[in-house]
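Asker: I'd like to ask you about the structure that follows.
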């Protein structure tokens, strides 16, 4: 009996010796798509820094990812056209692009530009693009198959830019585009024939405190090149997230976003989602079971414009990131 | 200079914010015997856990009792499917009940101590965009110390009361120095002062014993508020610019530790080898003050000669303080049930088994606004047992009890849909489980 009592006492004391250790803080959470977005690093892109495509002697104006393929608005000595590039291994970056779509019809003028690739449920793809006379669409069975322009082009006429489309069971098909520095919407039943809906979606914001004489004026003068995606939050709520470039009176360009439940009434984020005053043309796509939001964007300087990638949430890591320590993304 | 100012501000803000906490025994209970009965012991507790559940019960002890115990709780809590890294708790529990006689009256002195085996106290930085389990993250990492006195004026009545100690903090940091482009030009001095001041809150209780089978209990625990204060002031110059300096004054007052008024009523009914009990606790959570700290930050650039303006040095506009945000919490009623039975009564030992259930509705509203204090309803099931050896003479003139318990809590899924579609954090889904166990060795002297 004495042994039993002593053993029980020893057990109690021994359990006291299980010292704990400090745990990490919970990870940062962002399920609304507001970001902030982290520019990718070289290990993740397989290219240079956050650049996801590198083309010598060419300016890139917009890029849109559809699975393993990137459609890119590229301007070089041969002119401006839409090119296609395939992914480098498991990287976020892409190989040298090849011509995918050029101006061939009278309404398009001398070039086509600003592609937005929409992957449909059956795996086929639609590439919406802008041209001189409006917005057109080209289709393919797969992202890497030849694109065929729709006979209904232009699907929306006018001096329009930056088309981006969402296709959703509940919301239908909505096209967002830029006209006169403001973002507008159009609705469609088939993704080919669109009707405009209302006026500009978002107001141009003016800072509460106007700058003094000689100060920097951050008043918004235009919204450019929207990119849209429909994403679900963990609660199941689905929102349309519209990323776009904000042009300020001082000439700088930043990227922010707005969100909507119905695709037409938007709530504007109060902060920029990307750092920098030289960024534009944000195009989102989802990854990692829709928990990751990728953003392709263009960084513009006086001599050229380059295509980059960013990711939210900040703590997410793509293959090849140094934190993962499992080799480069380019290896199989 | 601008970078220095930002770094200083961010570091200080990171230091000053702290997370909500409350008494660890509110989460896991006190004493394996009482935890094994789901805490439904207000009417008939008589060991050292009476120091928490109902101090009146101390006066029912038949002799000197010493309790030694250990409890452990593992939390598997997640937000949006990501582990929230809520740390496990391991704590040593020590208790004493020392009864005596004063004239016709029986009285008892009691003391209970819960000492975390990892740290005496913990405060973690609150980061605005990182939702956290407010009641489980650091709440449990505190010392609990209670002392009580109980008296039994009549056979059918016991009364008790006492105080529990907690410690808020009052921190002050002073920085003085010079920043320069060259390391040799930099100079810094700092002075740090920290005070852990004790505060006390009362608890009182009574037990009515109208019949040998029935007991009724009522207890009250006072509210307490631990308010952490951080004062920081910095006076930093720039090497080579004698009249240029940065002056910072910061005052942060955060409420890191709040326990509500609690009133518990319960009864216990014993019949043969069986005992059933029920407790209902009212918790005054609606008075919970905001956990968002009140921060006042004054940052000024001393630049009488206009040197800084000439160099383009400006004070960042985004440096500003916080203001408290109402918590919107609601009072809760917590029911507790337990059953206990003697299953073996031998010559050398007696064995009892017990179990119980607790339902705690979350006092926190769904986090739809700017705050992200995540909490869920909690369903807790406990099972336990106890072996009593009461024929130990001449080793001990009394008895030895070994109690143990296993604890399982389910925190069902809760959705937090943000009012703003562009909230920086966005919608949240929280859920989780908790598993725990504990033992308690009691030596009772006749």
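Asker: Name the single residue, out of those in segment A:19-66 being touching a helix residue (DSSP H, G or I) at 6+ places or on another chain (Cβ under 8 Å) and assigned to a strand (DSSP E or B), that is modelled with the lowest pLDDT.
Answerer: Ranking the candidates gives A:48 first.
Asker: For the condition within 24 Å of residue B:273 (Cβ to Cβ), at pLDDT 95 or above and either at the interface with another protein chain (Cβ under 8 Å from one of its Cβ atoms) or surrounded by fewer than 22 Cβ atoms within 10 Å (Cβ to Cβ) (or both), what is the one hit in B:402, B:435, B:392, B:415?
Answerer: B:402
Asker: Tell me which residues, restricted to segment A:226-249, are assigned to a loop (DSSP other than H, G, I, E, B), at the interface with chain B (Cβ under 9 Å from one of its Cβ atoms) and in contact (Cβ under 8 Å) with a residue 12 or more places away in the chain.
Answerer: A:233, A:234, A:237
Asker: Residues A:49, A:102, A:79: which one is in contact with a strand residue (DSSP E or B) (Cβ under 7 Å, 6 or more places away or on another chain) and either farther than 30 Å from residue B:416 by Cβ or surrounded by 20 or more Cβ atoms within 10 Å (Cβ to Cβ) (or both)?
Answerer: Criteria check complete, one pass: A:102.
Asker: Of everything in segment B:351-371, what is within 14 Å of chain A (Cβ to nearest Cβ) and in a strand (DSSP E or B)? Give them in sequence order.
Answerer: Passing the criteria: only B:351.
Asker: For segment B:89-112, check the following and say yes or no: at least one residue is away from chain A (no Cβ under 14 Å), under 18 Å from residue B:27 (Cα atoms) and in contact with a strand residue (DSSP E or B) (Cβ under 9 Å, 6 or more places away or on another chain).
Answerer: yes
Asker: Output the residue which, of all residues in segment B:418-432 that are over 27 Å from the mean Cα position of the chain (by Cα) and surrounded by fewer than 20 Cβ atoms within 10 Å (Cβ to Cβ), is nearest to the other protein chains (Cβ to nearest Cβ).
Answerer: B:420
Asker: Can residue A:123 be described as surrounded by 15 or more Cβ atoms within 10 Å (Cβ to Cβ) and within 24 Å of residue A:230 (Cβ to Cβ)?
Answerer: When the stated conditions are applied, residue A:123 does not pass them.
Asker: Every residue in segment B:87-114 that is under 17 Å from the mean Cα position of the chain (by Cα) and touching a residue at least 60 places away in the same chain (Cβ under 8 Å), please.
Answerer: Result: B:89, B:91, B:93, B:112, B:114.
Asker: Separate question: Counting only residues that are loosely packed, with under 15 Cβ neighbours inside 10 Å and either under 23 Å from the mean Cα position of the chain (by Cα) or under 16 Å from residue A:53 (Cβ atoms) (or both), how many does segment A:298-313 have?
Answerer: The number of residues fulfilling the criteria is 2.
Asker: Now a separate question. Looking at segment B:324-342, is at least one residue at pLDDT 90 or above and over 31 Å from the mean Cα position of the chain (by Cα)?
Answerer: yes
Asker: Report the residue count in segment B:47-88 for those that are surrounded by 24 or more Cβ atoms within 10 Å (Cβ to Cβ) and away from chain A (no Cβ under 14 Å).
Answerer: Here the count works out to 14.
Asker: Are there strands (runs of 3 or more DSSP E) fully within segment B:132-180 with at least 3 residues that are buried (at least 23 other Cβ atoms within 10 Å of the Cβ) and modelled with pLDDT of 85 or more? List them.
Answerer: The qualifying strands (runs of 3 or more DSSP E) are B:144-154, B:157-166.
Asker: Further question: Residue check, residue A:313 against (1) facing another protein chain (nearest Cβ under 10 Å); (2) in contact with a helix residue (DSSP H, G or I) (Cβ under 7 Å, 6 or more places away or on another chain), all met but one. Which one?
Answerer: (2)
Asker: Next up: So residue A:221 fits all but one of (1) surrounded by 17 or more Cβ atoms within 10 Å (Cβ to Cβ); (2) assigned to a strand (DSSP E or B); what number is the exception?
Answerer: Condition not satisfied by residue A:221: (1).
Asker: Here's a follow-up. Just a yes or no: is a residue in segment B:374-384 surrounded by 20 or more Cβ atoms within 10 Å (Cβ to Cβ), within 22 Å of residue B:46 (Cα to Cα) and at pLDDT 95 or above?
Answerer: Checking segment B:374-384: at least one residue is surrounded by 20 or more Cβ atoms within 10 Å (Cβ to Cβ), within 22 Å of residue B:46 (Cα to Cα) and at pLDDT 95 or above.
Asker: Return the residues of segment A:134-159 that are crowded, with 16+ Cβ neighbours inside 10 Å and assigned to a strand (DSSP E or B); say none if nothing qualifies.
Answerer: Result: A:134, A:135, A:136, A:137, A:138, A:139, A:140, A:149, A:156.
Asker: Quick one: would you say residue B:98 is at pLDDT 95 or above, surrounded by fewer than 24 Cβ atoms within 10 Å (Cβ to Cβ) and not in a helix (DSSP H, G or I)?
Answerer: yes
The values are calculated or read from the model by the stated rules, or taken from the named source; none is laboratory data. All of these numbers come straight from a predicted model, not from anything done at the bench. A quick note on method: Cβ atoms are made from the backbone with ideal geometry, for glycine too, and the neighbour counts reach across all protein chains shown.
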